[in-house]
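Asks: Provided herewith is a single structure, encoded as structure tokens, for subsequent inquiry.
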Amino acid sequence: MNAKTQLVFLIAVGGLWLAPHGLALGQSASAETSKGAAASSTEPPTNEQEAADEAVKPLFKVSSVELMRSRHAPELDIVRVRGLSSTENWSDPQLVAISRGPSADGMLDLLFVARAPDDASNATKFGPMEAIFVIEPGHPYKGIRVRSATNTVKLAQLPGYAEAQGREVDCSGCVGKTYVPKGGSAGGKDAVREEDLPASTRVLHENDGIRTLDTDPNRLTLILGPNDRIVQAFWD
């Protein structure tokens, strides 16, 4: 995966992109709508399809949400969401609706997802991600709320723009540096401070065990050696 932003277009038909059987993947703008294609979608999923669905996970962070309104009829509202994946190995970013229709406060609730890597990945730079969700005329939404694995960005005025606050360290350069827990006094360019890392970061000290085998592609794990020197940094 290169550093270029990945972009996917999605369409909300009639202003409502529904998920009648739980959380469903958004439709690609190039998806076929023929009867044959619709009929084939009713066939039982194959093992490959099930594995592909399980690989779809929330992205690490939503960076910004923007709604642009077309100037010519028929009027369309175009939701543009940018964000970050934990590493550069993610692919196929999409936006999916969390619930059927607007929430009680009139918001369209979306989840920013993508296809996660199959295995744990060494810490790299964050991967830039982007997806577009098109809402057709006459929709009932008063605003847009987009969630990721670690944050939510709310756009309360349509059209408009909102962005997330704060900045996390991707830890692509953490190996070889010293881990400094919250409240510690060490500093300098060779220090990695706990407060600068994602809140879900797991730190394994030299003599720590591992209690569970659960994995999470949005969880950063640091393995420390003597004197709290970081010897490994990877996303589960």
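The values are calculated or read from the model by the stated rules, or taken from the named source; none is laboratory data. Please read all numbers here as calculations on a predicted model, not as lab measurements. Counting neighbours? That spans all protein chains shown, and the Cβs are built from the backbone with ideal geometry, glycine included.
Asks: Determine whether segment 77-86 contains at least one residue that is assigned by TED's automatic domain parsing to the domain that holds Lys142, in a loop (DSSP other than H, G, I, E, B), without any contact (Cβ under 8 Å) to a residue 12 or more places away in the chain and out of contact with any Cys (no Cβ under 7 Å at 6 or more places or on another chain).
Replies: No: segment 77-86 contains no residue that is assigned by TED's automatic domain parsing to the domain that holds Lys142, in a loop (DSSP other than H, G, I, E, B), without any contact (Cβ under 8 Å) to a residue 12 or more places away in the chain and out of contact with any Cys (no Cβ under 7 Å at 6 or more places or on another chain).
Asks: OK, next. Take Ser63 and decide whether it is outside any loop (DSSP other than H, G, I, E, B) and among the polar types (S, T, N, Q).
Replies: On the way: outside any loop (DSSP other than H, G, I, E, B): yes; among the polar types (S, T, N, Q): yes.
So Ser63 passes the test.
Asks: Here is a further query. Which condition number does Pro74 fail, the rest of (1) of a type outside the set (Asp, Glu); (2) in a loop (DSSP other than H, G, I, E, B); (3) surrounded by 15 or more Cβ atoms within 10 Å (Cβ to Cβ) being met?
Replies: (3)
Asks: Would you point out the residue of segment 194-228, among those that are among the hydrophobic types (A, V, I, L, M, F, W, C) and under 14 Å from Val180 (Cα atoms), that is surrounded by the fewest Cβ atoms within 10 Å (Cβ to Cβ)?
Replies: Initially, segment 194-228 is screened for residues among the hydrophobic types (A, V, I, L, M, F, W, C), giving 197, 199, 203-204, 210, 213, 220, 222-224.
From what's left, under 14 Å from Val180 (Cα atoms): 197, 203-204, 222-224.
Values: Leu197: 20, Val203: 16, Leu204: 14, Leu222: 24, Ile223: 18, Leu224: 18.
That would be Leu204.
Asks: Any residue at all in segment 101-114 that is under 30 Å from Gly173 (Cβ atoms) and among the polar types (S, T, N, Q)? Before the answer, list the steps.
Replies: Of all residues in segment 101-114, those under 30 Å from Gly173 (Cβ atoms) come to 112-114.
With the extra rule that they be among the polar types (S, T, N, Q), the set shrinks to none.
Within segment 101-114, none of the residues are under 30 Å from Gly173 (Cβ atoms) and among the polar types (S, T, N, Q).
Asks: Scan Arg167, Arg229 and give me the residue that is touching a strand residue (DSSP E or B) at 6+ places or on another chain (Cβ under 9 Å), among the basic types (Lys, Arg) and free of Cβ contacts under 8 Å to residues at least 60 places away in the same chain. Please lay out each step first, then the result.
Replies: Values: Arg167 fails: touching a strand residue (DSSP E or B) at 6+ places or on another chain (Cβ under 9 Å).
Within the list Arg167, Arg229, the selection yields Arg229.
Asks: Sticking with this structure for a sec: Collect the residues in segment 87-115 that are part of a loop (DSSP other than H, G, I, E, B), of a type in the set (Ser, Thr, Tyr) and under 13 Å from the mean Cα position of the chain (by Cα), keeping them in residue-number order.
Replies: In the first step, residues of segment 87-115 are kept if they are part of a loop (DSSP other than H, G, I, E, B); the result is 87-90, 98-106.
Adding the requirement that they be of a type in the set (Ser, Thr, Tyr) leaves 87, 99, 103.
Answer for segment 87-115, where residues must be part of a loop (DSSP other than H, G, I, E, B), of a type in the set (Ser, Thr, Tyr) and under 13 Å from the mean Cα position of the chain (by Cα): just Thr87.
Condition check ((1) in contact with a helix residue (DSSP H, G or I) (Cβ under 6 Å, 6 or more places away or on another chain); (2) free of Cβ contacts under 8 Å to residues at least 60 places away in the same chain; (3) not in a strand (DSSP E or B)) across all residues:
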position: Pro117; (1), (2), (3): no, no, yes
position: His139; (1), (2), (3): yes, no, yes
position: Val146; (1), (2), (3): no, no, no
position: Lys154; (1), (2), (3): no, no, no
position: Leu158; (1), (2), (3): no, no, yes
position: Tyr161; (1), (2), (3): no, no, no
position: Cys171; (1), (2), (3): no, no, yes
position: Tyr179; (1), (2), (3): yes, yes, no
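Asks: Provide a single number: the residues in segment 202-235 that are more than 17 Å from Val169 (Cβ to Cβ) and either hydroxyl-bearing (Ser, Thr, Tyr) or within 24 Å of the chain's Cα centre (by Cα) (or both).
Replies: Within segment 202-235, residues that are more than 17 Å from Val169 (Cβ to Cβ) and either hydroxyl-bearing (Ser, Thr, Tyr) or within 24 Å of the chain's Cα centre (by Cα) (or both) number 6.
Asks: Under the condition of being in contact with a Pro (Cβ under 9 Å, 6 or more places away or on another chain) and within 11 Å of Asn89 (Cα to Cα), which residue from segment 106-126 is surrounded by the most Cβ atoms within 10 Å (Cβ to Cβ)? Steps first, please.
Replies: The initial filter retains those residues of segment 106-126 that are in contact with a Pro (Cβ under 9 Å, 6 or more places away or on another chain), namely 106, 108-109, 111-117, 120-121.
Narrowing the set further to residues that are within 11 Å of Asn89 (Cα to Cα) leaves 114-117, 120-121.
Numbers: Ala114: 23, Arg115: 17, Ala116: 25, Pro117: 18, Ala120: 14, Ser121: 18.
For segment 106-126, the residue satisfying everything is Ala116.
Asks: Name every residue in segment 190-236 that is of a type in the set (Gly, Ala, Ser), over 17 Å from Leu59 (Cα atoms) and in a loop (DSSP other than H, G, I, E, B), in order of residue number. Break it down stepwise before answering.
Replies: Kept after step one, since they are of a type in the set (Gly, Ala, Ser), are these residues of segment 190-236: 191, 199-200, 209, 225, 233.
Then keep just the ones that are over 17 Å from Leu59 (Cα atoms); that gives 191, 209, 225, 233.
The answer is Gly209, Gly225.
Asks: Consider Arg100 carefully, then state whether it is in contact with a strand residue (DSSP E or B) (Cβ under 7 Å, 6 or more places away or on another chain) and not aliphatic (A, V, I, L, M).
Replies: On the way: in contact with a strand residue (DSSP E or B) (Cβ under 7 Å, 6 or more places away or on another chain): no; not aliphatic (A, V, I, L, M): yes.
In short, no.
Asks: Need the failing condition index for Gly188 against (1) over 25 Å from Arg145 (Cβ atoms); (2) modelled with pLDDT of 95 or more, just the number.
Replies: Unmet for Gly188, out of (1) over 25 Å from Arg145 (Cβ atoms); (2) modelled with pLDDT of 95 or more: (2).
Asks: If I ask for residues that are farther than 16 Å from Phe133 by Cβ and among the aliphatic types (A, V, I, L, M), which ones from segment 75-115 would you list?
Replies: Those that are farther than 16 Å from Phe133 by Cβ and among the aliphatic types (A, V, I, L, M): Leu84, Ala104.
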